[in-house]
Amino acid sequence: MQTGMIRFLASKNVSIASSLIGFHIPPFISQKHLHLHGISPTSEMDLSDRISFFMPSFWFKSANEAVEALKHEDL
């Protein structure tokens, strides 16, 4: 999923360096399915977005961190 998001952003000429790519982790989810967030540019995020998508945190993780965290979840 992360590779697909990076390819998509690159196809839209979006700088990966100014992007945020990651997942919300249970129980901090609003949808009952796994979906990847790709946000750019991070410099234009408002305060509520900066809190919701703060990394590293307990509720939002990079793809690699999410895989490790979900390995230990009883889903």
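The values are calculated or read from the model by the stated rules, or taken from the named source; none is laboratory data. Just so it is clear, the model here is predicted, and its values are computed rather than measured. Please note: Cβ atoms are built from the backbone with ideal geometry, for glycine as well, and neighbour counts cover all protein chains shown.
Looking only at region 7-58, residues that are part of a loop (DSSP other than H, G, I, E, B), free of Cβ contacts under 8 Å to residues at least 24 places away in the same chain, more than 21 Å from Ala69 (Cα to Cα) and within 13 Å of the chain's Cα centre (by Cα) come to 1 in all.
Quick one: Gly4 ticks every box in (1) assigned to a loop (DSSP other than H, G, I, E, B); (2) within 14 Å of the chain's Cα centre (by Cα) except a single one, so which number is it? Answer for Gly4: the failing condition is (1). Among residues of region 12-63 being loosely packed, with under 12 Cβ neighbours inside 10 Å and among the hydroxyl-bearing types (Ser, Thr, Tyr), the one that is modelled with the highest pLDDT is Ser15.
Does Leu70 meet the test of being touching a strand residue (DSSP E or B) at 6+ places or on another chain (Cβ under 8 Å) and not small (Gly, Ala, Ser)?
Values: touching a strand residue (DSSP E or B) at 6+ places or on another chain (Cβ under 8 Å): no; not small (Gly, Ala, Ser): yes.
Considered against the rule, which asks whether it is touching a strand residue (DSSP E or B) at 6+ places or on another chain (Cβ under 8 Å) and not small (Gly, Ala, Ser), Leu70 comes out as no.
Are any residues in region 35-60 in contact with a His (Cβ under 9 Å, 6 or more places away or on another chain) and within 20 Å of Phe8 (Cβ to Cβ), and if so, which ones?
Step one: filter region 35-60 for residues in contact with a His (Cβ under 9 Å, 6 or more places away or on another chain), giving 35, 37, 52-53, 59-60.
Selection gives His35, His37, Phe53, Phe60.
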